[in-house]
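Heads up, the thing below is written out as structure tokens.
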Amino acid sequence: MTMKYWRKLSALQQDEIISHALKQNVNYAEGGSLGVPASTLDDKVFYGQASFLKDSPWLRLYVQNPNHIGCHTLGDSEPFFKGTQALEKEVIQLLGEDMLGAPEAGCDGYIAAGGTEANLQAIWIYRNYFEKEFSAKPSEIALICSSDTHYSIAKGAGIFGLPLLEVPVEESTRLIQQDRLEPLVHNAVKEGIGYFIVVANMATTMFGSIDDPNVYAGILKSVGRPFKMHVDGAFGGFIYPITEQNNQLDFTNPDISSITLDAHKMLQAPYGTGIFLIRKNLMHFVYTEQAQYVNGMDITLSGSRSGANAVAVWMILMTYGYYGWQEKIQVLINRTDWFCGQLEKRGIRFYRHEKMNIVTIRSVDVPKKVADKYYLVPDKHNSPADWYKIVVMEHVDRLKLLAFLQDLDSRQA
Ligand SMILES: *Cc1c(COP(=O)(O)O)cnc(C)c1O
């Protein structure tokens, strides 16, 4: 893999670039910014003049509070914040091309409120696409995904008024049941569904399982129905493309049009850093003509949004560089391998995708008290859990995992 953009920068280099970007943004203190309903953070509350700001480009960004409203990878944008918008554009280009296999300048995208918004943005674009290009009615456009899919897709079905088709998965492998998908699609077509929006998971929230997008594409092509495919990589998007470089869930797969990532999960960025990436020539399907007072195209679900958050994502990516990030993920994968070995030794049953850092344990093998003590997340909250998951993040180190294993041992003895 050749990295065109994803390099490593020292703290000093980052500081210089951020300072330069802030200089290109509007300066409220000088100059004549009279019309924008925006200013810095309230300096009585947020240390506007404090001397420690000079040591922290990140805090300077937050105090300056740039608004990144709109999408900056196409058309015009608000000129007031062009310095920091350029860094957001770099993030989109870097992730699209260096990590997700997009062709050069082949991606649009923006930093959304979260994975939920990025997923909704995809559904919104494809619903409009089928309406405009095929004169489809919403009732003829179905969302299709596995039963392990994040509930934000069900939210999207409700918000955009689309029928939702859920394909069951195999209990132990968490793979889509192909023999159930076929009749589901055939029945839907018989009942008047003409168009499909597929959501494939690049790691499900509860299991870290990975969907095979070709299972969907194969069946939809065989029935000859137009479809658009979105990949939900809100959890796995900063892991799986690193651990499995030749995968079917990125832009090298021509059937895939868009991808969601979440920087506020594995990347440990501030909340409000979902990432939406989409092939060129699709964003405009959600252009809102009424958004006349915003310069450029407000084609995002959120209006005003934090430019500081966008640059925070840039800072994390630049601090690690591609190879640094790869090493960090490898450490988590090694730790997960070790933990799974420990579970196997004890005969404790679990699901884990070998390229991921989630371990989902059968609830019958974990006393509820132990699960509660370690805040394991159950698959259901309102009825007895079938599964509990452990997510091996930076802070979930071997010592903590050992303590959990010892508690399991003492209760099972
Ligand atoms: C967390 C998650 C989401 C939702 O993301 P938010 O950032 O919480 O809105 C969507 N899909 C998957 C797979 C997730 O793990």
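Data table
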quantity	calculated
Choice from S258, S51, S77 showing the highest fluctuation, given a GNM over the chain with Cα pairs closer than 10 Å	S51
Within a Gaussian network of the chain (alpha carbon springs, distance under 10 Å), most fluctuating of G35, G307, G321	G35
Electrostatic dipole magnitude of the stretch 217-281 [Cβ: Lys, Arg +1; Asp, Glu -1; Cα centre; debye, to 20]	300
Loop chymotrypsin sites (Phe, Trp or Tyr not before Pro), the stretch 334-413 (other Cβ atoms within 10 Å of the site Cβ: 10 or fewer; DSSP)	Y375
Over 32 Å (Cα to Cα) - which of K265/K369; K4/K400; K8/K265; K190/K389 fall in this group	K4/K400; K190/K389
Sequence-separation-based contact order of the stretch 270-373, relative, with Cα cut under 8 Å and 6+ spacing, percent	16
Reference-scaled alpha-carbon Rg (2.2 N^0.38 Å with N residues) for the chain	1.05
Choice from E170, E78, E140 showing the highest fluctuation, given a GNM over the chain with Cα pairs closer than 10 Å	E170
Residues of the chain: accessible area per residue with a 1.4 Å probe, Å²	45
Carbon + sulfur, % of accessible area of the chain - ligands and nucleic acids excluded, 1.4 Å	52
Debye log10 I(q)/I(0) for the stretch 303-351, one point scatterer per Cα, at q = 0.13, 0.19, 0.30 Å⁻¹	-0.55, -0.71, -1.02
Charge dipole (debye, nearest 20) of the chain; +1 at Cβ of Lys and Arg, -1 at Cβ of Asp and Glu	680
Estimated dipole of the stretch 31-126 in Debye, rounded to 20 [Cβ of Lys and Arg +1, of Asp and Glu -1, Cα centre]	360
Calculated from backbone phi, Karplus (6.51, -1.76, 1.60) coupling profile of the stretch 103-113 in Hz, x at Gly/Pro	x, 4, 6, x, 10, 10, x, 7, 8, 9, 5
Cross-link reach list, aspartates and glutamates versus K132, counting only Cα pairs under 17 Å and skipping chain neighbours closer than eight places	E140, E289
Farthest toward positive dipole pole in the chain [+1 Lys/Arg, -1 Asp/Glu at C-beta], among H353, A203, M318	H353
Theoretical gain in end-to-end length, K368 to V36 [0.36 nm per residue, Cα-Cα removed]	114.1 nm
Fraction of beta bridges assigned by DSSP in the stretch 136-240 that are antiparallel (%, nearest 5)	10
FRET efficiency, S383 to R180 (Cβ-Cβ, R0 25 Å, nearest 0.05)	0.60
Long-range amide H partners of F350 with built H, under 5 Å	R362
Dipole of the stretch 72-319 [Lys/Arg +1, Asp/Glu -1 at C-beta], most positive-end residue of I299, G115, T173	I299
Centre separation in Å (Cα based) which lies between the stretch 35-54 and the stretch 140-156	42
Label-point separation, K137 to L164 (7 Å along Cα→Cβ), nm	2.2
Relative contact order %, the stretch 72-319, counting alpha carbon pairs below 8 Å whose residues are six or more apart	26
Of every Cα-Cα pair in the stretch 26-65, the percent that sits beyond 12 Å	60
Protection-proxy order for peptides 215-224, 311-320, each taking the mean of Cβ atoms within 10 Å per residue, highest first	311-320, 215-224
Gain upon complete extension [E171, F46; 0.36 nm per residue less C-alpha separation]	39.9 nm
q = 0.11, 0.16, 0.21 Å⁻¹, the stretch 1-158: log10 I(q)/I(0) [Debye, one scatterer per Cα]	-0.64, -1.08, -1.36
Rounded Å value of the spacing that divides the Cα centres of the stretch 162-194 and the stretch 225-273	22
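The values are calculated or read from the model by the stated rules, or taken from the named source; none is laboratory data. Since the model is a prediction, treat every value here as computed from it, not as a measurement. For neighbour counting, all protein chains shown are included, and Cβ atoms are generated from backbone atoms with ideal geometry for every residue, glycine included. In case anyone asks, the SASA skips ligands and DNA or RNA and just uses the protein heavy atoms, side chains included. Shrake-Rupley method; radii C 1.70, N 1.55, O 1.52, S 1.80 Å.
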